[in-house]
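In what follows, a structure is listed as structure tokens, so that the remarks can point back to it.
Every number here is computed from the coordinates shown, using simple stated rules; none is lab data. Please read all numbers here as calculations on a predicted model, not as lab measurements. Cβ placement follows ideal geometry from the backbone for every residue including glycine, while neighbour counts extend to all protein chains displayed.
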Amino acid sequence: MGKRLTLILGGARSGKSTFAEALARKRGGDDVLFVATAEARDEEMRARIENHRAARPVNWRTLETPRDLGRALTGARARVVLVDCVTLWTTNVLLADETHARAEMLREVDDLLAWHAAHDSELIIVSNEVGMGLVPEYPLGRAYRDLLGAVNGKIAASADAVFLLVAGLPVEVKALAVRLEDL
């Protein structure tokens, strides 16, 4: 089943991580590498990270890396690699250098996709869908929304399947997508 790329999108608390973990467990069993991108910038985030660590299957390996996922995965081997999540990864890149964030993030995505192309692992990627709500009030919020939208689009274009989670229900949207040349 290797080489497959699946993108899982949804809003906050939509069930995307739960679905991604169930899919990884089904396809990879105990041979899963969980790539965590969160940084503990405050106590609330530290507690969330600890809760996520405790909830993961004990046989799964974890790689904690806030940036440069393709490089961090050098030498990694697993039936399934689960990245959770692009939302925090993008935040890390944007906060490190707002001026060059777009070019840097798209380069990092290219590196991850190149890693996937060179390995037999199935790749499952989780990200938030942030383009369906209000326009952010502040410039940094708008820059973030725009960047994450570009990143999600780039990953979706390479993905074999794209799921949108709504109230815990996965809908496979790539299979439903209409190609412009078919119109």
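If you add up the charges near Asp68, with Lys and Arg at +1 and Asp and Glu at -1, over every other residue whose beta carbon is less than 15 angstrom from its beta carbon, what do you get?
Computed value for this residue: -4.
What is the range 1-115 by shape, rounded, prolate or oblate, if you read a ≥ b ≥ c off the alpha carbon gyration tensor as root eigenvalues and call it rounded for a/c under 1.5, prolate for a/b larger than b/c, and oblate otherwise?
oblate
Excluding same-chain residues fewer than 8 positions from Lys154, which lysines have a Cα within less than 25 Å of its Cα?
By straight Cα distance, Lys154 reaches Lys3, Lys16, Lys174.
Rounded to the nearest 5, what % of the DSSP beta bridges within the range 5-173 are antiparallel ones?
Counting only bridges with both partners in the range 5-173, antiparallel ones make up about 15 percent.
Among Arg145, Arg48, Arg71, which one shows the highest mean-square fluctuation when the chain is modelled as a Gaussian network with alpha-carbon springs under 10 Å?
Per the Cα network of the chain with a 10 Å cutoff, Arg48 tops the list.
How high is the relative contact order of the range 5-173, in percent, with contacts defined as C-alpha pairs under 8 Å that are six or more residues apart?
Over the range 5-173, the number comes to 37 percent.
Rank Glu129, Glu21, Glu50 by mean-square fluctuation in a GNM of the chain with C-alpha springs under 10 angstrom and give only the top-ranked residue.
Its mean-square fluctuation being the largest, the pick is Glu50.
Just rank Thr62, Thr74, fewest to most, by other beta-carbon atoms within 10 angstrom.
Lowest to highest Cβ neighbour count: Thr74, Thr62.
Would you mind checking the range 139-168 for residues with the amide N under 14 Å from a putative spin-label position 7 Å along Cα→C-beta of Thr18?
Zone members listed by number: 165-168.
Under a 10 Å cutoff between Cα atoms, tell me which one of Ile124, Ile155, Ile49 has the largest fluctuation in the Gaussian network model of the chain.
Evaluated over the chain, the most mobile residue of the options is Ile49.
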